[in-house]
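The values are calculated or read from the model by the stated rules, or taken from the named source; none is laboratory data. Since the model is a prediction, treat every value here as computed from it, not as a measurement. Cβ sites come from the backbone with ideal geometry, for glycine too, and all protein chains shown count toward neighbours. What goes into the accessible areas is simple: the full protein's heavy atoms, side chains included, and nothing from ligands, DNA or RNA. Shrake-Rupley method; radii C 1.70, N 1.55, O 1.52, S 1.80 Å.
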Amino acid sequence: GISCMKFSPAALRPKNFLVAGSWDNEVRCWEVQQSGQTVPVGMIKHDAPVLSVTWSADGQAIFSAGCDKTAKMWSPATNQTQIVAQHDAPIKGVVYVTDVGNGSPCIITGSWDKSVRYWDIRAPTGAPMGVVPMPERVYSMDAVGALLVVATADRKLLVYDVRKPTTPYYEKVSLLKYQTRVVACFPDQTGFAVGSVEGRVAINHVQEQSRKNDFAFKCHRDDQSNIYAVNSIAFHEGYGTLATAGADGGFTFWDKDAKERLKNFHKLPQPISCSCFNSEGNIYAYAVSYDWSKGAENHNPSNKNYILLHPVQPTEIKHRKSGGIKPLGRR
C-alpha cells in the first residue's frame, strides 16, 4: 500500500514533482506534467516499509523515513542517497524546517521510540543536534514555518516553536475521543487540524486567546451509521481551506473558518490512505490503497494501489461569499 505522499515545493515551479512512499519499502518520484501525464523520475529503497516523505525547501532533496528506523536524503538530480537520521524504533514522521533559530535548516523526525530528534542535513554526523523526549509514541507530526505539532499515542498533542525545541509552547489532550490518525498545520501557522479513527476532525488554535474558537466536526461516515478513520488532512496553501480523506474511500473539501463543507466527492471502493495539494493548489493527489483499518483479514492482494490526480477548480476550494451548505456542527 501507499503510506505517504508529498508534492514538490514552490521553488520548483512551474514544474510539479510528486514523491510517494509505500509498504514495499520504496520511495518513488514522478514529474506531473501540465497535461496530467506523469513521467517517472527515479526510485530508492529502504530496508522496511516507508511511512513518511518530505522535500527540502529548495526542492533539491527528498527525505524519507520508516520502519527501518532510519531517514534517508535522496537527491534525484544525482541519484545519490545517504542516511541522515536514526532512531531506536520505526520513524513515523519526517519534516523539513528552514530555520531552527540559528539560520540553518534541519529535518525533524518523530518515532515510536517516544522521541523527536533534530538533525543537521548539511553536514550529517550520525548524531542528532537534539533529542526531545515525548510522552508516548509519535503517531503523526507536521511543521509549517516555526510551528511544529506532534501527535502521540494516548491522544496527546504537543505544540512547539522549533526555535525553542526543548519546551512545548503548549500541550493538550485531543478534543477527539479516540486514536489520532493525522495532524496538519494551518498554512498561516495559527493552528492545526487533527483527524482520528472516529470519523471526526478537530480544529485547534495555537494562541490562548483563540482557543475558545476550537471545535470538532463529524466526517467520513455513511447513512448506515458506519464510521471511518480520517487518514489524511491537507491544507490549500492559497486559501487555507482543507481536504480530508478517509477509510470510506471519499474525500471532501472544507472551509474551517465558515464551518462549512465546500464539496463532497464520489467515493471509491477502497480507502484513501494519504493525499496532498501541490504548492500552487491546482492539483490534489490522493492514494487509493488499503489502510489496514479492517485488519489483515480484509486485505485483498488483488486490489491494485493507485495514485489519482484531481484538477482543483477554484470554485471547489476557495471560501464562498455566503453560505449555502449546512454548517459544521460543534460536536
| request: Normalise the Debye intensity by I(0) for region 86-185, one equal point scatterer per Cα, no solvent, then take log10 at q = 0.15, 0.16, 0.22 Å⁻¹ and round to two decimals. | output: -0.53, -0.61, -1.14
| said: I'd like to check one number: the per residue accessible area of the chain, probe 1.4 Å, reported in Å² as a whole number. | reply: 45
| message | Can you work out the Karplus-derived ³J(HN,Hα) for every residue in region 212-219? Use 6.51 cos²θ - 1.76 cosθ + 1.60 with θ = phi - 60°, whole Hz, and x for glycine or proline. | response | 5, 8, 4, 7, 10, 9, 7, 6
| task | Return an integer: the convex hull volume of the alpha-carbon atoms of the chain, in Å³ per residue. | result | 137
| query | Which residues' amide hydrogens lie under 5 Å from the amide hydrogen of SER115, considering only partners 5 or more residues apart or on another chain, with H built in the peptide plane? | reply | MET134, VAL138
| query | If you put +1 on each Lys and Arg Cβ and -1 on each Asp and Glu Cβ, how big is the dipole of region 59-159 around its Cα centre, in Debye rounded to 20? | reply | 100
| query | Can you tell which of ALA48, VAL197, VAL116 lies farthest toward the positive end of the dipole of the chain, using +1 and -1 charges on the Cβ of basic and acidic side chains (Lys, Arg; Asp, Glu)? | reply | VAL197
| said: What are the ³J(HN,Hα) couplings of region 169-184, residue after residue, when phi is run through the Karplus curve with 6.51, -1.76, 1.60 and θ = phi - 60°? Round to Hz, x for glycine and proline. | reply: 5, 6, 9, 7, 9, 3, 4, 7, 8, 10, 3, 6, 9, 7, 10, 9
| request: Considering the options VAL162, PHE217, TYR239, tell which one lies farthest towards the positive end of the dipole of region 160-278, charges being +1 on Lys and Arg and -1 on Asp and Glu at the Cβ, about the Cα centre. | output: PHE217
| message | Restricting to Cα pairs below 8 Å that are 6+ residues apart, what does the relative contact order work out to for region 63-173? Please round to a whole percent. | response | 18
| field | Spatially proximal lysines relative to LYS164 (Cα-Cα < 26 Å; intrachain offsets below 8 disregarded) | value | LYS69, LYS72, LYS92, LYS114, LYS156, LYS172, LYS212
| said: How large are Rg and Dmax for region 202-301 when calculated on the C-alpha trace, in angstrom? | reply: 14.8, 50
| query | What percentage of the solvent-accessible surface of the chain, computed with a 1.4 Å probe over protein heavy atoms, is contributed by carbon and sulfur atoms? | reply | 48
| said: Based on alpha-carbon atoms only, what is the radius of gyration of region 31-126 relative to the globular estimate 2.2 N^0.38 Å? | reply: 1.12
| remark: For GLY66, other-chain or 5+-apart residues with amide H closer than 5 Å (H placed, Pro excluded) are LEU51, ILE91
| Which of the lysines could a cross-linker span from LYS263 if the Cα-Cα distance has to be under 21 Å and same-chain partners fewer than 8 positions apart are dropped? | LYS218, LYS318, LYS321, LYS326
| query | Roughly how many whole Å is it from the C-alpha centroid of region 288-324 to that of region 35-105? | reply | 23
| request: Percent of Cα-Cα pairs per 5 Å bin, from 0 to the last occupied bin, for region 1-78, please list those. | output: 3, 18, 29, 25, 16, 7, 2, 0
| GLN209-ILE83 FRET efficiency (beta carbon distance; Förster radius 45 Å; 0.05 resolution) | 0.55
